[in-house]
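Below: the structure, in structure tokens.
The values are calculated or read from the model by the stated rules, or taken from the named source; none is laboratory data. The shown structure was predicted, so the numbers you read here are calculated from the model rather than taken from an experiment. Backbone-built Cβ (ideal geometry, glycine too); neighbour counts: all protein chains shown. Accessible surface areas use protein heavy atoms only, side chains included; no ligands, DNA or RNA. Shrake-Rupley method; radii C 1.70, N 1.55, O 1.52, S 1.80 Å.
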Amino acid sequence: MTLVVARKLALMLALLGVTMMARQLGSMAGINSILASSALSLGFLMLFALMGGRIAKLFGAPMITGFIVSGLLAGPFILGVVDKASADNLRLVDDLAFGVIAFYAGGEMRLARFLPKIRGVLTVIVAIIVMTLPLVFTAVFTLLYMTDALKGGFDTALAGAMLISVIAITNSPAVVIGVLNETRAKGPVADLTLGVTVFNDVFVVMLFGLAMAFAGWLVPSSGANAAMPAWGAFYKIGVSFAIGALAGGIMIAFFKVVEFNAAIFIVGAAFVLAEISQAAGTNVMLSGITAGFIVENFSSEGERLMEGLRKSSMPVFALFFSLAGQSLALDSLPEVWVFAMAVVVTRLVGMRAAVKVGVKLSGGEAALARNAWAGFVGQAGLSLGLALMAGKQFPGWGETVKTIAVAVIVVNELIGPALMKRGLRLAGEIAPEEGTGHGR
Amino acid sequence: MKLAWIVIALLAAGFIGARLAFSKDRLPWRLRDIFLTGWEYILVGAALGPAGFSVIDPAYIETLGPFLALGLGWAGLIFGIQLRWRDVARIDPATLKLAVGQSLVVWLGLLVFFYEAIRLYAPIPLPEALASASVAAAAGAISSPTAISLVAPSFGRTSARAVRTLLMVATLDLAPAVIVVGLTLCFFSVEDGGTFSFQRGMVYLSYSAVTAMAMAAFYRFLGGELLKPEEELTSALGFIALLSGLAFYLRLSPLFLTLLCGAVLANILKPGDNLYKLLYSTEKPFYVTLLIISGLLWQETGVIAWASAGIFVVARIALKTAAIDGAVRFMPKSSRLSAGAGLALSSQGALALAIGINHQLAFTGHAANLVFAVIIISTMVNEMAAPFLIRRYLGRAGK
């Protein structure tokens, strides 16, 4: 074990040495090209993340934890090998990853498997909204009001706590799909985690729309953009579904015409969807999930979709999660760590209790009630998007809300994947390794 | 927004193209021959880019850089890993001489032509003109085996020997060209209008050799990890991108560096290594995507570009034919081809375009644009004409 880890660390060090030496030689020769820097970063991150992922796996953590930590190490706060400009030049991968993750989530939602479980899924979501959200809200509101961190009194503290608590009940489809894809886990915990993650997005988008409208009403002088009414959220959800349904239909038609290499087509389709969603201002996750769901349940091409996703997802995930790690705002932690810790702890307690109650109410097994909560800890894309939106909509106090939310996401992104894998392992749902691959 | 539309267009067209470019069985054979190797996808890219309707802004195309570097590295590596010493040593020396000899003759002839054309077109410093001419000539010196292998099945056993030799020559003549491109970037600096320095060249050449060997050893070490297939893909892509990034950082040619590294890997990996399977399995989509990207990067469409390309095409074919005919005439016993075989080597293929892209990324300005335009036009014309010329030659050889 020690030797295996040492070998991987040696590879990482060699990689680090090569990259740093190239940068040093480049800077001595006066080379300051963004093309050179981003191409080097692309290769470095993929290999560094792969090694990090494999080390994480050796310690029982999911590979994506390794990807994230590798990105964090490579980022500006620790080793500084991958700078912001180079990482920004690789952001194309984000769009691709969102699409791939969404297709995967939708493709996993086989009706025959999920319909009998829909009651359990909805009960858990309601339990999270009814229990976790108020718990986080109470803790955050108390702290914000007592310290006047938002510098706006009762109303502002109320608005800020509301936004933070809604963001707190999101979980990360990327983390869930990443861990499920890697572990090939199958069973009640995996199904519940995936089901709740998929449907939770719909509720969170609606709740956030309501919370934003309410916050704008509570603190009208804050420069809030009133163009985010609650109905906007419903419109967004409806259009997202419509785009996804259309995309699903087109994908089925394409799969029928084109016979080989589904992986390449899926990569293209993921981009198309991400861009259309961006143009229409809709939610790519919902559209992608709908498209994947339609291909899986209304055609015979579901297996090709999933096979293509399995083949193409690893390089995309390695790059996407390492870039996510690279951009983690570690500098926000010292500023707001008290608030962040309060949210992280109350969220953990709230999630655990809510999932336990939800599963019991829907008649689920004790093992499910005990282990499923761990899948809802990870946070990433959607939470970050909502945090940024809050900061943008409410200049001033919204910025502080954003900083707290981002700090919470940093912590949850780091601990979430490992906790989820642990939950799946305790539930006995992780498939044994299919061979160990091959070396040279 | 526009950026992703580029990728969408590229991937979709690349995918459909990969499907269609190699299965046009339903078309009448004459029409099928015109579109045999998929050159029309260059036009698709050109229509989207600045040479066409400018649907896609050149500024956005530039942001594809890191992924373009990955593609270039892939092209160099796939050729490099075929250079296993044991296999190269088994090649008939006469064929090897023929391949390298005709490639160098064509390169020299085109170098002179292109140097004059660039000097006429753009008043640029001599070293830069020489570097650009050298790269354009290298792109002209190579032949592609794709068209030959697609046409060959319609000929019987009577032409088998000619087909084998043609394929061998078309595969081997890539090496001198890529080496020339690599050496050009080593000996000519790209900044300040370009300068020639022997000392710099030797230093950069050593960088290339040391980097290629060190990185091949690194990949070999990486391969000691027991990787699953999806991890293997991640490691290969990461490795190629890293190597290309290193090349750009050290102002080396990504094509040359990956070719060198590929050649080292070919001699230290097992013949059935997964890297081979991985590169070959992604060949078609990569090929078509490269065609489209080339079209997108095409900027110069003026009369001079077309005229230069026209002369370039004629000069290239004439030089190829003369070189092979000369070999047949002066070395009749060792030559495996008959007179006129130069016509069958007219196809240029994706590597010519990769050389052009490599140059475009390293150099900027009028001369670089002209070089790229000539490469792209000549590639289209040659890909269009190659199947007919190959058929003609093989028909005669069969008799």
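For the stretch A:89-169, list the helices (runs of 4 or more DSSP H) that sit wholly inside it and hold at least 1 residues that are farther than 27 Å from A:GLY396 by Cα and at pLDDT 90 or above; which are they? Write out each step before concluding.
Numbers: elements: A:92-108, A:111-114, A:118-127, A:133-147, A:153-168.
Fully inside the stretch A:89-169 and qualifying: A:118-127.
How many residues does the stretch B:95-131 hold that are among the basic types (Lys, Arg) and either out of contact with any helix residue (DSSP H, G or I) (no Cβ under 7 Å at 6 or more places or on another chain) or not in a helix (DSSP H, G or I) (or both)?
Summing the residues that are among the basic types (Lys, Arg) and either out of contact with any helix residue (DSSP H, G or I) (no Cβ under 7 Å at 6 or more places or on another chain) or not in a helix (DSSP H, G or I) (or both) in the stretch B:95-131 gives 1.
When you go through B:SER154, B:SER149, B:SER159 one by one, which is the residue that is open to solvent by less than 40 Å² (accessible area, probe 1.4 Å) and not hydrophobic (A, V, I, L, M, F, W, C)?
Matching residue, one of B:SER154, B:SER149, B:SER159: B:SER159.
Inside the stretch A:215-229, can you point out the residues that are part of a helix (DSSP H, G or I), crowded, with 16+ Cβ neighbours inside 10 Å and either at pLDDT 75 or above or acidic (Asp, Glu) (or both)?
Listed by number, the residues that qualify are A:ALA215, A:GLY216, A:LEU218.
May I ask you to list the residues in the stretch A:180-199 that are under 16 Å from the mean Cα position of the chain (by Cα) and among the hydroxyl-bearing types (Ser, Thr, Tyr)?
Answer for the stretch A:180-199, where residues must be under 16 Å from the mean Cα position of the chain (by Cα) and among the hydroxyl-bearing types (Ser, Thr, Tyr): A:THR193, A:THR197.
Okay, residues lined up against (1) facing chain B (nearest Cβ under 10 Å); (2) in contact with a helix residue (DSSP H, G or I) (Cβ under 6 Å, 6 or more places away or on another chain):
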{"position": "A:MET20", "(1), (2)": "no, no"}
{"position": "A:LEU45", "(1), (2)": "yes, yes"}
{"position": "A:ALA61", "(1), (2)": "no, yes"}
{"position": "A:ILE64", "(1), (2)": "no, yes"}
{"position": "A:GLY80", "(1), (2)": "no, no"}
{"position": "A:ALA97", "(1), (2)": "no, yes"}
{"position": "A:ALA102", "(1), (2)": "no, yes"}
{"position": "A:PRO116", "(1), (2)": "no, no"}
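Out of the residues in the stretch A:30-43 that are open to solvent by 10 Å² or more (accessible area, probe 1.4 Å) and facing another protein chain (nearest Cβ under 7 Å), which is nearest to B:PRO229 (Cα to Cα)?
A:LEU35
Test A:ALA318 against the stated conditions and say whether it is within 20 Å of A:VAL202 (Cα to Cα) and either surrounded by 24 or more Cβ atoms within 10 Å (Cβ to Cβ) or within 14 Å of another protein chain (Cβ to nearest Cβ) (or both). Talk me through it step by step, then tell me what you get.
Values: within 20 Å of A:VAL202 (Cα to Cα): no; either surrounded by 24 or more Cβ atoms within 10 Å (Cβ to Cβ) or within 14 Å of another protein chain (Cβ to nearest Cβ) (or both): yes.
No; evaluated as a whole, the condition is false for this residue.
So, of the residues in the stretch B:53-91 that are of a type in the set (Phe, Trp, Tyr) and at pLDDT 85 or above, which turns out to be farthest from the chain's Cα centre (by Cα)?
Filtering first and then ranking leaves B:TRP85.
What helices (runs of 4 or more DSSP H) completely inside the stretch B:290-399 contain at least 3 residues that are surrounded by fewer than 22 Cβ atoms within 10 Å (Cβ to Cβ)?
B:303-330, B:366-398
Run B:PHE218 past the list (1) buried (at least 22 other Cβ atoms within 10 Å of the Cβ); (2) out of contact with any Ser or Thr (no Cβ under 9 Å at 6 or more places or on another chain) and report the number of the one that doesn't hold.
Single failed check for B:PHE218: (1).
Give the number of residues within the stretch A:284-312 that are part of a helix (DSSP H, G or I) and open to solvent by 10 Å² or more (accessible area, probe 1.4 Å).
Number satisfying all stated conditions: 14.
What is the residue count in the stretch B:213-256 for residues that are facing chain A (nearest Cβ under 7 Å), aromatic (Phe, Trp, Tyr) and touching a Gly at 6+ places or on another chain (Cβ under 6 Å)?
Of the residues in that region, 1 qualify.
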